[in-house]
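Asks: Pasting a structure here, questions to come.
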Amino acid sequence: MKEEVLLLGTNKTLVAVVTEPEQKPNSDLPAVILFNAGLTHRVGPNRIYVKLARQLTEMGMIVVRFDLSGVGDSTVRLDGVSFEAGVADDARQVMDYVSQTRGSKHFFLMGHCGGALISLGIASVDPRAIGIVMINAEGGDTQWSEYDRKRKTSQYYENYYSRDAITSSEKWKKLLTGKAAYGSILRNIFVNILWHRVSTAAFKLKKRLSPDQEAGTSPEIAALYSTIPALVERKVPIFIIYSQGSSGLERTQFLLRDAKKKIGSSTKLKIEIMPRCDHTFTLLESQQRLYNTIADWCTANMPTPSRVTAP
Amino acid sequence: MNQHSLPGENIEAFYFGENEKSLFGIYHIPPKGVARNHSVLLCPSIEQEAIRGHRAYRQLAVRLSRLGFPVMRFDYWGTGDSKGDRAPDRLSGWQDNISSAMNELKSRSKLDRICLAGLRLGGALATLAAGSTAVEGIALWEPVIKGDTYVDVLLEWQRDKLRYFLADMPSLAVDDRPAELLGLAINNAFLDDMINIDLMAIKQPPAKHMMIVEHQPQDEVAAFKTHLQQLGIDVQHKTVDDPRVWTDDPDKALVPNQILQTLVTWFSEEYK
């Protein structure tokens, strides 16, 4: 395995790291592009992009991790184009480079969180994309973000009091000797746990009863998800991975209600829920499960000559 | 060539060092006509702190280079874009990385006089590494002074993340000998080295001049400043209440402008 850092794009402003096998890679295999997880630079949260790239390279694939303009070490664009157009252009330039220098004709696009949404958006407009891996796609949506915040805050305090504080002799001593912050405890129990639970349950109920699939969802996010049926028709496999309990999963399932009617039981769309993983896969064991899951999916979705058509 | 040049920003990105030990670096080239006699190596903190502090480090590098300092950023082995998927066997591996990065910076800048700057653990490692090599000045940003406290902070942070995200959270029994710290695989000897970090125990001046910036006044930092002064070092010390970017959500994209300005001002006035 070898790694090379490159400055790509018209003005050489996109900082990218290419990970590839020592031997000349098979250009029939798709190359992998990893898109920034939100504003986290190209190493990914908890460095999962670096380790994922290295594992996928062991399968013979070329993997490119790069910073979009204005993120990480890549400088901002000075041409005044919109964010969406800039992202599309950055992605195109990186894919062009890999095609020209490594001969790759097709790509698996992958990303975590915001990077998952970008992968979907790019795949919908670039026919060179023949597979998408979306890891914990979240964000870009005020109402769902607020729901997510309340749900996780409630979970945090519930875990804190029911698993940690209750077994701490030091905390019991403070509680029983008048040294605890009682106002804070009451606020956490009644507002941060109970009220947030009620509030999030009401949000979920409202969504479930809403006949309008896009109600309360940002038009941009809804538009992104609406591209999924066309991608499935294009025979682009889509792998949606969520940590168990992720509210992004709830949003995705909500947004896929209508799409699933069109897609039917297509095996092109796969959703996998990974237990005992936090949003950014902090624990090493959860990271390894993620890499293995993605590697297995890549193996199962490697193109065969008959399946791939020239872009 | 891996170099781009935009107004006020001219960088080279590269790997340096031997194959499996190679490290990732970015060199910020100062504009022509404003050259200084010192270069600055930015020593990162690790993992979460380095990832979240990345934006601020880049900003700091750009601002210093605009003032004429050749600046280099890099990742320790096993972190960031560098080779390796775990911490080195001993913490001294990262101190050696600082020495290698200093050589790389000297070679690129053609300047022998070098300064270091480091956030959190980066500050501690810079101070320890400087003890064995000639360094003109060191700027410490909220430095880790005692390793045992720092390891506790990282472990509590890890538990906090799990509490926040996991409904089916595993037991949070405190592990005295953790094999991982916030996504970084570590062994026992490395953990012991981390726990045993104690900047109050240094006996040789790591540099002629030092700057300490902290966010809130801490007794530990005040005592460390006194210790450095007793070693004969010219120490400046500022408290600047800016966002603690190394713990903040990176998507907030906060840049601690006052902190960065404080550091830039110190370097530019100290090394004209």
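Only the coordinates and a few stated rules stand behind these numbers; no lab work does. Worth saying up front: this structure is predicted, and the values here are computed from it rather than measured. So basically every Cβ, Gly included, is an ideal-geometry build from the backbone, and we count neighbours across all protein chains shown.
Asks: What does the average come to when, for each residue of peptide A:38-51, you count the partner chain Cβ atoms lying within 10 Å of its Cβ?
Replies: Partner-chain Cβ atoms within 10 Å, mean over residues of A:38-51: 6.
Asks: Kindly give Rg over Rh for the range A:25-64, based on alpha-carbon atoms, with the Kirkwood expression for the hydrodynamic radius.
Replies: For the range A:25-64, the value is 1.02.
Asks: Now for a different question. Please arrange B:GLU156, B:GLU9, B:GLU214 by how many other C-beta atoms lie within 10 Å of their C-beta, fewest to most.
Replies: Ranking B:GLU156, B:GLU9, B:GLU214 by Cβ neighbours within 10 Å, fewest first, gives B:GLU156, B:GLU9, B:GLU214.
Asks: Another question, if that's okay. Within 10 Å of each Cβ in A:158-167, how many Cβ atoms from other chains are there, averaged over the peptide?
Replies: Mean number of neighbouring Cβ atoms from other chains: 4.
Asks: When the scattering of chain A is computed by the Debye formula from its Cα atoms alone, each counted once and equally, what is log10 I(q)/I(0) at q = 0.09, 0.15, 0.16 Å⁻¹?
Replies: -0.51, -1.19, -1.31
Asks: Based only on other Cβ atoms within 10 Å, what is the fewest-to-most ordering of B:LYS208, A:LYS51?
Replies: With the sparsest Cβ surroundings first, the list reads B:LYS208, A:LYS51.
Asks: Most exposed first by the Cβ proxy, i.e. fewest other Cβ within 10 Å, how do A:LEU14, B:LEU67 rank?
Replies: Ranking A:LEU14, B:LEU67 by Cβ neighbours within 10 Å, fewest first, gives B:LEU67, A:LEU14.
Asks: Here is a follow-up. Among the listed pairs B:LYS146/B:LYS238; B:LYS83/B:LYS110; A:LYS179/B:LYS238; A:LYS105/A:LYS260; A:LYS152/A:LYS260, give every one whose C-alpha distance is greater than 22 Å.
Replies: Beyond 22 Å between Cα atoms: B:LYS83/B:LYS110; A:LYS179/B:LYS238; A:LYS105/A:LYS260; A:LYS152/A:LYS260.
Asks: Got the relative contact order for chain B handy, in percent, Cα pairs under 8 Å and 6 or more residues apart?
Replies: The value is 19 percent.
Asks: Now for a separate question. In degrees, nearest 10, range 0 to 90: what is the angle between the Cα axis of helix B:47-66 and the longest Cα principal axis of chain B?
Replies: Once rounded, one gets 10 degrees.
Asks: So what is the 222 nm mean residue ellipticity for chain A from helices alone, if each DSSP H run of at least 4 adds -39500 (n - 2.57) and you divide by all residues, rounding to the nearest 500 deg cm²/dmol?
Replies: That comes out to -13000 deg cm²/dmol.
Asks: Over the alpha carbons of the range A:63-176, what is the largest minus smallest coordinate on each principal axis, giving the biggest first in Å?
Replies: Largest first, the range A:63-176 extends 70, 30, 26 Å along its Cα principal axes.
Asks: Here's something else I'd like to know. Can you list, bin by bin at 10 Å, the percent of alpha carbon pairs in the range A:142-209, starting at 0?
Replies: 20, 42, 24, 11, 3
Asks: Between helix A:83-102 and chain A, what is the angle of the helix's C-alpha long axis to the longest principal axis, kept within 0 to 90° and rounded to the nearest 10?
Replies: The angle comes out at about 50 degrees.
Asks: If eta is 0.692 mPa s and T is 37 °C, what Stokes-Einstein diffusion coefficient results for the protein assembly as shown, Kirkwood Rh from Cα pairs, in µm²/s?
Replies: In µm²/s, the coefficient is 130.
Asks: Quick one: work out the % antiparallel among DSSP beta bridges in the protein assembly as shown, nearest 5.
Replies: Bridges in the protein assembly as shown are about 35 percent antiparallel.
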